[in-house]
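Undergrad: Handing you this structure, nothing more for now.
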Amino acid sequence: MMIEVKNLFKQYKEVLALNNFNLSVDNGDIYGLVGPNGSGKTTAINCILSLLNYEKGDIFIFNEKMNSSKNNIKAKIGYIPQDVSVIYDLNVYDNIDFFCGLYIKDKKLRKQYIEEAIDFVELNDFRRFLPKKLSGGLLRRLNIACGIAHKPELIIFDEPTVAVDPQSRNKILQGIKELNLKGATIIYTSHYMEEVEYLANKISIIDKGHILVTGTSKELKSFVGLGNSLEISNIKIDKNYMDELNNIRGVSKILKNKNDLKIIVENALAISNIINYLNKNNIIYDSLNIKTPTLNDVFLEITGRELRDNGY
Ligand SMILES: Nc1ncnc2c1ncn2[C@@H]1O[C@H](COP(=O)(O)OP(=O)(O)OP(=O)(O)O)[C@@H](O)[C@H]1O
Ligand SMILES: [Mg+2]
């Protein structure tokens, strides 16, 4: 177990930001912590890292109880904060040198690590640039380099792709997979569902400071009983055919919106049965699309609210 958080409560004056928050992260995980704005993701991370005090709860990292004086634990963690935290008077190279130097005292080794970090985030052409000369995406990449240069075993990314151009975003996501393949355990917070689905082997959905559900994205979807669906647009179909459609094996629900149908199915066979049925009865329509449920649908199903998702 890399991280174990038990019954954590955190209050900011009148706001209860964490309300019995529990988390278990295994060695080797890419763990996605997903939730809407203000749900408590950053607060949870800051408590885990002992950057914030909390009212109640226990936090273990590498099987050791965490507190702010545990420098041995901190040395094995990389933290990429949500708000870019670099030193604006230092250039790219010197920033990485500064943060890496907090943990790596051997100068020769540090130099090697800095070069590897610069290569990793592809900032070679910008090594002498001051942060204010970097674009938003490049600045985020510098923020990452500062957090990972000392080769931590556990890396925590707090929404690293917000307001980042698509090219930098792809590099960041690929980089995280690569770090994980090289052995790092990752915690990744986001409200971009697609990113978390792409990256994470385990996902927790947090809302109002409490984890609602945890599982693989497949498990979360089946947990709320969301199957694939078939969306048929502009269909010309009589009521009696509709009743028969409802009775096709594997059809669990049919939603009608004017001339469009959304048919929730239990399995792939149901989809081919529906298509066969429509063909056999010469029922015409404009188009037919198969949709898989998203984590957004899971959140909507559990809370009745949309998880704000800006897409890309
Ligand atoms: N320093 C603070 N003082 C008072 N309230 C705070 C403070 N920091 C956060 N909060 C409140 O605590 C709750 C959790 O905030 P937090 O920043 O942890 O959420 P988040 O999930 O990281 O949100 P986002 O996706 O916007 O980053 C929110 O209601 C927020 O307004
Ligand atoms: Mg946050």
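The values are calculated or read from the model by the stated rules, or taken from the named source; none is laboratory data. This is a predicted model, so every value here is computed, not measured. Every residue, glycine as well, gets a Cβ built from its backbone with ideal geometry; the counts of neighbours run over all protein chains shown.
Undergrad: Of all residues in the range 11-42, count the ones that are part of a strand (DSSP E or B), more than 14 Å from ligand 1 (Cβ to nearest atom) and of a type in the set (S, T, N, Q).
TA: Start the filter on the range 11-42 by keeping residues that are part of a strand (DSSP E or B), which leaves 11-12, 15-25, 30-34.
If we keep only those that are more than 14 Å from ligand 1 (Cβ to nearest atom) too, we end up with 20, 22, 24-25, 30-31.
Pick out the ones that are also of a type in the set (S, T, N, Q) and you get 20, 22, 24.
Total meeting the criteria: 3.
Undergrad: Inspect all residues belonging to the range 101-122 and state whether any of them is surrounded by 13 or more Cβ atoms within 10 Å (Cβ to Cβ), within 16 Å of ligand 1 (Cβ to nearest atom) and touching a residue at least 12 places away in the same chain (Cβ under 8 Å).
TA: No.
Undergrad: Kindly indicate whether any position in the range 244-251 is in contact with a helix residue (DSSP H, G or I) (Cβ under 6 Å, 6 or more places away or on another chain), over 30 Å from Lys6 (Cβ atoms), hydrophobic (A, V, I, L, M, F, W, C) and free of Cβ contacts under 8 Å to residues at least 40 places away in the same chain.
TA: Yes, there is a match, as at least one residue in the range 244-251 is in contact with a helix residue (DSSP H, G or I) (Cβ under 6 Å, 6 or more places away or on another chain), over 30 Å from Lys6 (Cβ atoms), hydrophobic (A, V, I, L, M, F, W, C) and free of Cβ contacts under 8 Å to residues at least 40 places away in the same chain.
Undergrad: All but one of (1) more than 16 Å from ligand 1 (Cβ to nearest atom); (2) modelled with pLDDT of 95 or more hold for Asn71, so report the exception by its number.
TA: Here Asn71 meets the rest and fails (2).
Undergrad: OK, next. Looking only at residues that are at pLDDT 90 or above and among the basic types (Lys, Arg) in the range 170-204, which one is surrounded by the fewest Cβ atoms within 10 Å (Cβ to Cβ)?
TA: So, considering only residues that are at pLDDT 90 or above and among the basic types (Lys, Arg), the one surrounded by the fewest Cβ atoms within 10 Å (Cβ to Cβ) is Lys182.
Undergrad: From (1) farther than 30 Å from Asn63 by Cα; (2) in a loop (DSSP other than H, G, I, E, B); (3) touching a residue at least 60 places away in the same chain (Cβ under 8 Å), pick out the condition that doesn't hold for His150.
TA: Against the list (1) farther than 30 Å from Asn63 by Cα; (2) in a loop (DSSP other than H, G, I, E, B); (3) touching a residue at least 60 places away in the same chain (Cβ under 8 Å), His150 comes up short only on (1).
Undergrad: Here's a follow-up. Return the residue satisfying two criteria in turn: it lies in the range 19-31 and is over 15 Å from Ile80 (Cβ atoms) and touching a helix residue (DSSP H, G or I) at 6+ places or on another chain (Cβ under 8 Å), and of such residues it is farthest from ligand 2 (Cβ to nearest atom).
TA: Gly28
Undergrad: Is one or more of the residues making up the range 240-247 under 25 Å from Gly304 (Cβ atoms), surrounded by 13 or more Cβ atoms within 10 Å (Cβ to Cβ) and not acidic (Asp, Glu)? Break it down stepwise before answering.
TA: Narrowing the range 240-247 to residues under 25 Å from Gly304 (Cβ atoms): none.
Within the range 240-247, none of the residues are under 25 Å from Gly304 (Cβ atoms), surrounded by 13 or more Cβ atoms within 10 Å (Cβ to Cβ) and not acidic (Asp, Glu).
Undergrad: For the range 204-250, which residues satisfy the criterion of being in a loop (DSSP other than H, G, I, E, B), under 30 Å from Gly38 (Cβ atoms) and of a type in the set (A, V, I, L, M, F, W, C)? It would help to see each step written out before you state the result.
TA: Taking the range 204-250 and keeping what is in a loop (DSSP other than H, G, I, E, B), we get 208-209, 216, 224-228, 234-238, 247-250.
Checking which are under 30 Å from Gly38 (Cβ atoms) leaves us with 208-209, 216, 224-226.
Hits for the range 204-250 are Val224, Leu226.
Undergrad: Go through (1) touching a Lys or Arg at 6+ places or on another chain (Cβ under 7 Å); (2) in contact (Cβ under 8 Å) with a residue 60 or more places away in the chain; (3) surrounded by 17 or more Cβ atoms within 10 Å (Cβ to Cβ) and name the single condition Ile264 misses.
TA: (2)
Undergrad: Only one of these conditions is not met by Ile290: (1) more than 26 Å from Lys41 (Cα to Cα); (2) touching a residue at least 40 places away in the same chain (Cβ under 8 Å); (3) part of a loop (DSSP other than H, G, I, E, B). Which number is it?
TA: The one condition Ile290 does not meet is (3).
Undergrad: Related question: Among the residues that make up the range 42-52, is at least one of them more than 16 Å from ligand 2 (Cβ to nearest atom) and more than 17 Å from Ile211 (Cβ to Cβ)?
TA: yes
Undergrad: OK, next. Take the residues in the range 235-265 that are β-branched (Val, Ile, Thr) and more than 32 Å from the chain's Cα centre (by Cα); name whichever of them is modelled with the lowest pLDDT. Walk me through it before giving the result.
TA: First pass over the range 235-265, keeping only residues β-branched (Val, Ile, Thr): 235, 237, 248, 251, 254, 263-265.
This time we only want the ones that are more than 32 Å from the chain's Cα centre (by Cα), so: 235, 237, 248.
Values: Ile235: 95, Ile237: 91, Ile248: 95.
My answer is Ile237.
Undergrad: Follow-up question, since we're still on this one. Given the criterion over 20 Å from the mean Cα position of the chain (by Cα) and of a type in the set (Val, Ile, Thr), identify the matching residue among Ile172, Ile114, Ile155. Explain how you work it out, then say what you get.
TA: Values: Ile172 fails: over 20 Å from the mean Cα position of the chain (by Cα); Ile155 fails: over 20 Å from the mean Cα position of the chain (by Cα).
Answer to the selection: Ile114.
Undergrad: Same structure, new question: From the list Lys13, Lys70, pick out the single residue that is basic (Lys, Arg) and loosely packed, with under 14 Cβ neighbours inside 10 Å. Reasoning before the result, please.
TA: Numbers: Lys70 fails: loosely packed, with under 14 Cβ neighbours inside 10 Å.
Step by step, each of Lys13, Lys70 is checked, and only Lys13 is basic (Lys, Arg) and loosely packed, with under 14 Cβ neighbours inside 10 Å.
Undergrad: Can you tell me which of Ile284, Ile254 is outside any helix (DSSP H, G or I), at negative phi and buried (at least 16 other Cβ atoms within 10 Å of the Cβ)? Reasoning before the result, please.
TA: Values: Ile284 fails: buried (at least 16 other Cβ atoms within 10 Å of the Cβ).
It is Ile254.
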